[in-house]
Amino acid sequence: MDPRVAKTPYSVYDAVKTRRRTTSAQLKILESVFVDDKKPLASTRKQLAELLHMSHREVQVWFQNR
């Protein structure tokens, strides 16, 4: 490896994540929860994430962008 190149703990390519689209089934559940609760608590978002096989952050961002 070239000694002039700074060593980083990760590659630039590791930092790039691709966006995942919600499936129609996930969207249906998220929208049904949104009707009753516009700002669900963290515990509710965590349960939704587990149920929908999404990350807690993905659920949180979905509600923020809604």
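Quick notes on this one:
- Potential extension, VAL61-LYS28 segment - 0.36 nm per residue separation minus Cα distance: 10.3 nm
- Spin-label pair ASP36/ARG20, simplified geometry with 7 Å Cα→Cβ offset, distance in nm: 2.4 nm
The numbers here are math on the coordinates, done by the rules we state, and not lab data. Computed from a predicted structure; not experimentally measured. Reconstructed Cβ throughout: ideal geometry from the backbone, glycine too, with neighbour counts over all protein chains shown.
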